[in-house]
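Each reported figure results from applying straightforward, stated rules to the coordinates on display, with no laboratory input. Being a predicted model, the structure only gives us computed values, none of them experimental. Here Cβ is always computed from backbone atoms with ideal geometry, including for glycine, and neighbour counts include all displayed protein chains.
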Amino acid sequence: MRWLIVCCCALFATLSQAMSTPVLDTASKVDKVLVLKSERKLHLLSRGEILRSYRVSLGKQPNGPKRYQGDRRTPEGFYWIDWRKPSDKYNLSMHISYPNARDQHLAQEKGLPAGDMIMIHGTPLDEEYPEWYFHTLDWTEGCIAMRNRDMQEVWSLVKDGTLIEIRP
């Protein structure tokens with residue numbers, strides 16, 4: 001009788017875990033990445049439906065859009081995921097097509113370069129500071145950072161050429 005109760009409990013636990021983490025079927029294709037800076041959230045969308053959500057860290061100056069190189073702000077607007085690469089420092093990284101024409105114009109008005117190399121990337125593998133330390137604060141120079149396991153999942157689900165919208 002005990003083994004039956006143990007089996008039922010194990011089955012219940014397995015089903016509960018499976019229901020809390022939805023599986024993406026092959027028909028679900030990520031067609032947009034949406035970042036809500038005020039919520040520190042990155043959502044993967046398909047036809048307007050949220051498939052997955054992740055907590056992110058932003059630039060050290062998270063309020064307002066990026067205006068020029070070195071302002072430590074994360075951009076706001078519409079961009080593309082245009083290429084990717086493994087990163088020695090940040091695990092995996094996906095490049096955001098910042099700056100767009102509007103961003104370049106605003107930076108030129110100030111007489112400053114707009115900057116570049118804005119990425120979605122993982123967290124450093126650092127013996128002094130564990131991954132959870134980075135996950136709870138805004139620490140980048142303007143990039144969007146996430147836990148390495150989350151970054152690996154996003155890397156596998158988001159293809160180059162995917163639209164990314166970054167909202168305040």
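When Rg and the Kirkwood radius Rh are both evaluated on Cα atoms of segment 20-121, their ratio Rg/Rh stands at 1.00. Loop-located GluC sites (Glu not before Pro) in segment 67-168 (DSSP state other than H, G, I, E, B) with a sparse environment of at most 13 neighbouring Cβ atoms within 10 Å: 127, 128.
Net charge dipole, segment 25-167: roughly 360 debye, given to the nearest 20, about the Cα centre with Cβ charges of +1 for Lys and Arg and -1 for Asp and Glu. From the largest down, segment 69-152 spans 42, 23, 19 angstrom on the principal axes of its Cα atoms.
Given an 8 Å cut-off on Cα distances and at least 6 residues of separation, report the relative contact order of segment 25-167 as a percent. Over segment 25-167, the number comes to 32 percent.
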